[in-house]
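Worksheet: the structure to be examined is printed underneath.
Each value in this text was obtained by applying a stated rule to the coordinates, not by laboratory testing. Only a predicted model underlies this, so the values are computations on that prediction, with no experimental measurement involved. Neighbour counts run over all protein chains shown; Cβ positions are idealised from the backbone, glycine included.
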Amino acid sequence: MEPFKEKVWLSSPTMHGEELKYMQEAYEKNWMSTVGENINIVEQLACEKVGCRYAVALSAGTAALHMAVKLAGVKPGEKVFCSDLTFDATVNPVVYEGGVPVFIDTEYETWNMDPVALEKAFEIYTEVRAVVVAHLYGTPGKVNEIKAICKKHKAIMIEDAAESLGATYQGIQTGTFGTYNCISFNGNKIITGSSGGMLLTDDLEAANKVRKWSTQSRENAPWYQHEELGYNYRMSNVIAGVVRGQFPYLEDHIAQKKAIYKRYKEGLKDLPVTMNPYDAKNGEPNFWLSCMLINPEAMCKQMRGEKEALYVSEPGKSCPTEILETLAKYNAEGRPIWKPMHMQPMYRMNGFITREGNGRAKTNAYIQGGMLGKDGKPLDVGMDIFNRGLCLPSDNKMTLEQQDKVIEIVRACFK
């Protein structure tokens, strides 16, 4: 096979033309800063789509998460429970406020926070009053169970829906389940502004606080008066123009992503792999990224260091490193599964809770000998998914021929 002439991306922006119209409008009206019609309209569009009362457009999803953590009242030294299998933008805002993340292991059914592990965590850390929950790769987690546990322990739930805009759980959009919720318009998301994000809430007072904090906490005075710490987090009216032009195409993008997922599932069905799962009875993902997990018995030998990986090729077997390197040779972009937060050098001393309790000793045992839990499954689920999983090219501009070739490349790795 010849390499792709044009690179096949993991997930690149898909533009339609209307974005330019609204950016041009901002330019012509000279609303180039953090106020303007585009901002007002995209906040309204988000509320209408997601089903929340208030939206505050910000410079990034990370900024929205920071404001959510601040609204939750996290103080220096306070522990906060966080999803473990996620990008670090879910977690870092806790540290911005001086909080201490404690990571909750993952469950296999949706690859999201395990409610059993969360309940176990509350038994160990009874003082915790905030939980940050992410929906990995656009797939909703076990929302009802997690919400019930948070309510039982009087903890504020912050929903990181950065990757899951347009996904639903029991017919309700993600981004509405927490007290404070966040979405992202980063360049690789389901719709984009090139950057940007939003805080979503039903609490008017909270929304107004974020509007103030995100514009340097200026007081209502004839001069610049500041009585509390502020941030330069408001979304630009130009960026909002891009988001405004993207919003009408959200459902089209989701449909395209879903078709990609289904074609991968069909094309790889006789290999010893599974696609990233979701609970069809309770939710519908936005299918942002299509991922695959290699069966344990089909894994060739693979070793990962901090920045490098090695593998030994074996007939009939493969591993994420081999597949990703092979895709790269053909000019296609894949990606490893997010490396779990408890494995990251900067967070290795933080607490990590599995469904059977404190996970640090168990993780070490798993590394040494594949230690299993009482149910016969690995004790460190996030690490297991990271070791065996990868993200496939999921760009919704891929042609059928390009995706068929990606499938052929993956299949060849198992020969």
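Quick rundown of the values:
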read-out: Whole-angstrom gap from region 103-134 to region 1-56, using each part's C-alpha centre; value: 34
read-out: Beta bridges per DSSP with both ends in the chain, % antiparallel, nearest 5; value: 60
read-out: Cleavage-rule hits (trypsin sites (Lys or Arg not before Pro)) in region 125-228: DSSP loop, at most 10 neighbouring Cβ within 10 angstrom; value: Lys154
read-out: Loop-located chymotrypsin sites (Phe, Trp or Tyr not before Pro) in region 194-258, at most 16 other Cβ atoms within 10 Å (DSSP); value: Trp223, Tyr224
read-out: Difference of contour (0.36 nm per residue) and Cα-Cα distance, Glu251 to Glu6; value: 85.6 nm
read-out: Cut-off under 5 Å, modelled amide H: who pairs with Thr168 long-range; value: Thr174, Glu284
read-out: FRET efficiency, 1/(1 + (r/R0)^6) with R0 45 Å, evaluated for Ala148 and Thr326 via beta carbons; value: 0.55
read-out: Hits among aspartates and glutamates - C-alpha to C-alpha of Lys120 under 17 Å, sequence gap 8 or more where chains match; value: Asp84, Asp105, Glu107, Glu145, Glu356, Asp375, Asp380
read-out: Relative contact order computed over region 18-249 (Cα-Cα under 8 Å; 6+ residues apart), in percent; value: 28
read-out: Of every Cα-Cα pair in region 1-148, the percent that sits beyond 26 Å; value: 44
read-out: Euclidean distance between Cα centres, region 219-262 to region 157-188, Å; value: 14
read-out: Given charges at Cβ of Lys, Arg, Asp, Glu: region 293-353 dipole, positive-most of Met299, Leu327, Ile353; value: Ile353
read-out: Computed [θ] at 222 nm, helices only, for the chain once each DSSP H run of length n ≥ 4 contributes -39500 (n - 2.57); value: -10000 deg cm²/dmol
read-out: Relative contact order, percent, the chain [alpha-carbon distance under 8 Å, six or more residues apart]; value: 23
read-out: Sparsely packed GluC sites (Glu not before Pro) within region 1-86, loop by DSSP, other Cβ within 10 Å at most 14; value: Glu6
read-out: Whole-Hz couplings from phi, Karplus 6.51/-1.76/1.60, listed for region 250-256; x for Gly and Pro; value: 4, 5, 4, 4, 4, 4, 5
read-out: R0 of 51 Å, Cβ-Cβ distance Ser313-Lys21: FRET efficiency to nearest 0.05; value: 0.50
read-out: Proximal charge balance of Trp31 [Cβ under 10 Å; K/R count +1, D/E count -1]; value: -2
read-out: Positive-end residue of Ser394, His16, Val100, charge dipole of the chain with Cβ unit charges; value: Val100
read-out: Cα gyration tensor category, rounded, prolate or oblate, for region 18-249 with a/c compared to 1.5; value: oblate
read-out: Pairwise label distance in nanometres, Glu227 with Tyr96, each label 7 Å out on the Cα-Cβ vector; value: 2.4
read-out: Under 5 Å, built H, 5+ apart or other chain: amide partners of Ser217; value: Tyr231
